[in-house]
Amino acid sequence: MSSVLNILAKNPEGSDCKTRLSGLLTKDERIFLSKEMLKITCGEMSSIDVDKFLYLYPNTSGDFVKNLSSDYGIKTLRQPIGPLSKKIYTALESRKNKFEKRVVIGSDIPSLSKSEIYDCLDYLDYCDLVLGPSKDNGFYLVGVKNQSHEFFKNMNLNEIHVNDVINSCRAKKIKYRLLRVLKDIDTPHDLLSL
């Protein structure tokens with residue numbers, strides 16, 4: 001089965017990133033942290049033999065993005081404007097005719113490894129949706145096949161809890177599987193408790 005991996009991130013050179021860390025870190029420190037986490041994620045994902053796309057907000061410009069794309073062989077695309085649910089839906093929907101298994105991950109999970117991606121792709125052999133829950137009740141990964149991502153289309157949410165996705169799967173009788181829980185870096189507490 002053909003597969004694609006999509007990474008969602010803010011462009012550190014083109015946006016005010018990691019704003020919830022502004023009480024702890026300066027803007028330059030937040031840019032540095034965002035760049036490092038994005039390099040870690042792209043580096044870890046680069047050895048997986050699938051097509052890869054980096055969806056960036058608000059744009060794909062800048063030397064950092066150009067070097068990241070070149071260094072890790074990842075194509076860059078601009079994220080659509082709108083809530084997180086729309087961004088997830090767009091990434092999962094855009095290549096559904098070319099790729100049977102489609103995965104979206106965030107870029108702020110330092111412990112995310114290719115093992116979770118391989119597990120996700122394996123689980124998609126017998127279920128329609130795979131979810132990687134994060135410790136803050138969100139999620140770091142969504143993997144789908146078929147049209148099991150359709151419920152994201154009308155969610156219109158920026159903050160989506162793992163239980164929102166699980167409840168949608170249950171309501172629509174979508175067979176799903178959970179990966180291990182990982183920690184993302186959104187708040188000062190997240191960063192200080194690494």
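The values are calculated or read from the model by the stated rules, or taken from the named source; none is laboratory data. Since the structure is predicted, the reported quantities are computational estimates derived from the model, not experimental observations. Every residue, glycine among them, receives a Cβ derived from its backbone with ideal geometry; neighbour counts consider all protein chains shown. Ligands, DNA and RNA are excluded from the accessible area calculation, which covers all protein heavy atoms including side chains. Shrake-Rupley method; radii C 1.70, N 1.55, O 1.52, S 1.80 Å.
Summary of computed values
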quantity	calculated
Selection within the stretch 135-158 - surrounded by 21 or more Cβ atoms within 10 Å (Cβ to Cβ) and either among the polar types (S, T, N, Q) or more than 19 Å from I7 (Cα to Cα) (or both)	S148
Residue count, the stretch 2-57 (criterion: in a loop (DSSP other than H, G, I, E, B) and not small (G, A, S))	12
Leading residue by the ranking (nearest to L68 (Cα to Cα)) among those in the stretch 36-45 that are crowded, with 16+ Cβ neighbours inside 10 Å and charged (D, E, K, R)	K39
Filtered residue count, the stretch 79-107, keeping only those that are surrounded by 14 or more Cβ atoms within 10 Å (Cβ to Cβ), of a type outside the set (S, T, Y) and free of Cβ contacts under 8 Å to residues at least 24 places away in the same chain	1
Pair list, Cβ under 6 Å, 6 or more apart: the stretch 157-176 residue under 14 Å from I88 (Cα atoms), other residue part of a loop (DSSP other than H, G, I, E, B) and not small (G, A, S)	L157/P83; N158/P83; H161/N137; V162/N137
Of the criteria (1) within 30 Å of C127 (Cβ to Cβ); (2) open to solvent by 30 Å² or more (accessible area, probe 1.4 Å); (3) of a type in the set (A, V, I, L, M); (4) in contact (Cβ under 8 Å) with a residue 40 or more places away in the chain, which one I48 fails	(2)
